[in-house]
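A.B. asks: Okay, here's the structure, questions in a sec.
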Amino acid sequence: MKIESAQRRLLNRRTFLAALAATPLIANGCSDSSPPPAAKAIDEFMLQHRGDEIRCLYHDRHLGGDRPGCLAIVLLHGAGADATQWFDIGLVDAIDNADLGDSIRRVVAIAPNITNHGQAATMVTEALLPAIDPRFAPGHTSLSGISRGAGVAVEAGRASGVVSIGLHSPALRLTAPVTSVDWRCWIDCGDSDSLADEAHRLAGLFTDSGVDVTERRWPGGHDRAYWRRHLPAYLAFHIQSANRSMT
């Protein structure tokens, strides 16, 4: 069953179309040092992928100034949820209060609706990432996935030049080493989550594959209360990874 939130109820089609007409598309966002027009806390755009219409929610924090970096973080929800999962656990406040470091002046967090997790990686690589580039010109891209969304992050990360991936309570099992990747990886799981031991094994497999892995196990289960507590740490990891890639 899809989970509705207060934010989703506020995002009606008429409001979106009015905002779209009033706000021009931001192209080459990182090459323009002037701040963009005021944006809503949660905005959206639509994608087409293999005949399906994909709704993507996003939040854009733009500091302006002369720092060169722009980071897009693609956020992949778990099974039984939709893109609002990320906003329900506090995405807007977490982005707005994040320390962007010395190089990042803009962070765009984008959460697509996933209708089929088995085909979601191709949606990310074939439709979403190509659409992000002309819209936001990020320069750097990261992927984060909750539960089954973590599997999508790994698969899409193998086929794209991302700087980091985050796997949060990952519901996936890999049996072979990963090769030819140069992203950093974050893996965390609650200590009372039934997936905790598998998450630890996954961290070991990635480490043995030569991946730079940060592993965390905190108190908690497989639920939104756990992810809400640790969302700021997830975002900080991606921002730090992007800053490191610029030095």
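The values are calculated or read from the model by the stated rules, or taken from the named source; none is laboratory data. Given the structure is predicted, the values throughout are model-derived calculations rather than measurements. Using ideal geometry, Cβ is built from the backbone for each residue, glycine included, and neighbour counts are taken over all protein chains shown.
Conditions (1) touching a strand residue (DSSP E or B) at 6+ places or on another chain (Cβ under 6 Å); (2) among the polar types (S, T, N, Q), marked per residue:
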{"position": "192", "(1), (2)": "no, yes"}
{"position": "200", "(1), (2)": "no, no"}
{"position": "207", "(1), (2)": "yes, yes"}
{"position": "210", "(1), (2)": "no, no"}
{"position": "214", "(1), (2)": "yes, yes"}
{"position": "229", "(1), (2)": "no, no"}
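A.B. asks: Could you count how many residues in the stretch 63-80 are surrounded by fewer than 21 Cβ atoms within 10 Å (Cβ to Cβ) and on the phi < 0 side of the Ramachandran plot?
C.D. replies: Residues that pass the stated criteria total 5.
A.B. asks: Going by the structure shown, is residue 139 within 27 Å of residue 106 (Cβ to Cβ) and in contact with a Gly (Cβ under 6 Å, 6 or more places away or on another chain)?
C.D. replies: Answer is no for this residue.
A.B. asks: Report whether or not residue 186 is outside any helix (DSSP H, G or I), buried (at least 16 other Cβ atoms within 10 Å of the Cβ) and in contact (Cβ under 8 Å) with a residue 40 or more places away in the chain.
C.D. replies: When the stated conditions are applied, residue 186 passes them.
A.B. asks: Now a separate question. Since residue 95 meets every condition but one in (1) among the β-branched types (Val, Ile, Thr); (2) under 22 Å from residue 223 (Cβ atoms); (3) buried (at least 24 other Cβ atoms within 10 Å of the Cβ), which condition does it not meet?
C.D. replies: (3)
A.B. asks: Right, here's the next one. Select, from 191, 182, the only residue that is of a type in the set (D, E, K, R) and either touching a Phe, Trp or Tyr at 6+ places or on another chain (Cβ under 6 Å) or farther than 27 Å from residue 243 by Cα (or both).
C.D. replies: When all the criteria are applied, what remains is 191.
A.B. asks: Still on this structure, I have one more. On the basis of being of a type in the set (A, V, I, L, M), within 19 Å of residue 110 (Cα to Cα) and touching a residue at least 24 places away in the same chain (Cβ under 8 Å), does residue 146 make the cut?
C.D. replies: When the stated conditions are applied, residue 146 passes them.
A.B. asks: Let me ask something else. Looking at the stretch 222-239, I want the residues that are on the phi < 0 side of the Ramachandran plot and have a partner that is assigned to a helix (DSSP H, G or I) with Cβ atoms under 6 Å, at least 6 apart or on another chain. Which pairs are those?
C.D. replies: 231/94; 232/94; 235/94
A.B. asks: Take residue 89 and decide whether it is hydrophobic (A, V, I, L, M, F, W, C) and over 18 Å from residue 169 (Cα atoms).
C.D. replies: In short, no.
A.B. asks: Also: Run down 244, 229, 173, 148 and say which single residue is surrounded by fewer than 16 Cβ atoms within 10 Å (Cβ to Cβ), modelled with pLDDT of 95 or more and of a type in the set (D, E, K, R).
C.D. replies: Answer to the selection: 229.
A.B. asks: Six or more apart or on different chains, Cβ atoms under 9 Å: show the pairs whose first residue is in the stretch 111-124 and within 10 Å of residue 76 (Cα to Cα) and polar (S, T, N, Q) and whose second is modelled with pLDDT of 95 or more and outside any strand (DSSP E or B).
C.D. replies: That search, which allows pairs on different chains as well, returns 113/77; 113/82; 113/83; 113/84.
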